[in-house]
1. Once you've got the Cα coordinates, tell me which of Lys117/Lys166; Lys28/Lys181; Lys97/Lys134; Lys59/Lys117; Lys117/Lys188; Lys43/Lys181 are over 23 Å apart.
2. Leaving out ligands, DNA and RNA, what percent of the accessible area of segment 81-128 is carbon and sulfur, probe 1.4 Å?
Amino acid sequence: RIKQMFSYNGVTELSEPLSLNSNFRNSKTVTSLINYYNEIRKKYVSSLKLENMLPENSKNNSSGNVYIYNGNTQDIVDKIKDASNYAIVLDDTELKKIETQNQNEDLSMFYTPQSIKGVEYENILVLNMLCGKKEIYDTLYNYGKKKDKSLHYSFNLFYVAITRAKYNLIILEQDPTPVLKELQNNVKNIFVTADIDEIDFNYHKDAFQ
């Protein structure tokens, strides 16, 4: 609309708008994961917004890690559920399972992507967000790009989940999906482990933070 307004008034040349791609929230490793996930999104889903097509440049100089954890779900939930600097992001189906298994427990650290949007935590555990949409991802990888708004929604859920992590991000998927495999194979410095003791549950702030 702005371009049309200037064009109407006889201005024919406009400089390109500045892209706001500086990322002050996420650590460098988390940002690398975000950028590659957006590359996957561009490959399989049409008509992305401009801001989702530009790589982000992390301005967060603190140390941070990305883990793909292949261990027991309840073990890691028990490990972090009393920590104030952790949040667990999962879809509605997984949340109902957790509520059933942890009755009378404080579940305030559990969020759906809708409820955590706009919030950030030092550490985030993303729980079964990809395999919960396994059929959608499998279809895309088998048949290619689709023009379907529901696909945008599925991709956005995982995007929101991983972008909440300021320092450490843990991804736990009980069933393999092609998108997780692609991330694992192409993003540097991802730790893959089934041993909970190999995960550093601390985070280290520096003077910049």
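1. On the way: Lys117/Lys166 14 Å; Lys28/Lys181 20 Å; Lys97/Lys134 18 Å; Lys59/Lys117 21 Å; Lys117/Lys188 26 Å; Lys43/Lys181 15 Å.
Result: Lys117/Lys188 exceed 23 Å.
2. Working: 1020 of 2500 Å².
Of the solvent-accessible surface of segment 81-128, carbon and sulfur hold 41 percent.
The values are calculated or read from the model by the stated rules, or taken from the named source; none is laboratory data. Worth saying up front: this structure is predicted, and the values here are computed from it rather than measured. These area figures cover heavy atoms from the full protein model, side chains too; ligands, DNA and RNA do not enter into them. Shrake-Rupley method; radii C 1.70, N 1.55, O 1.52, S 1.80 Å.
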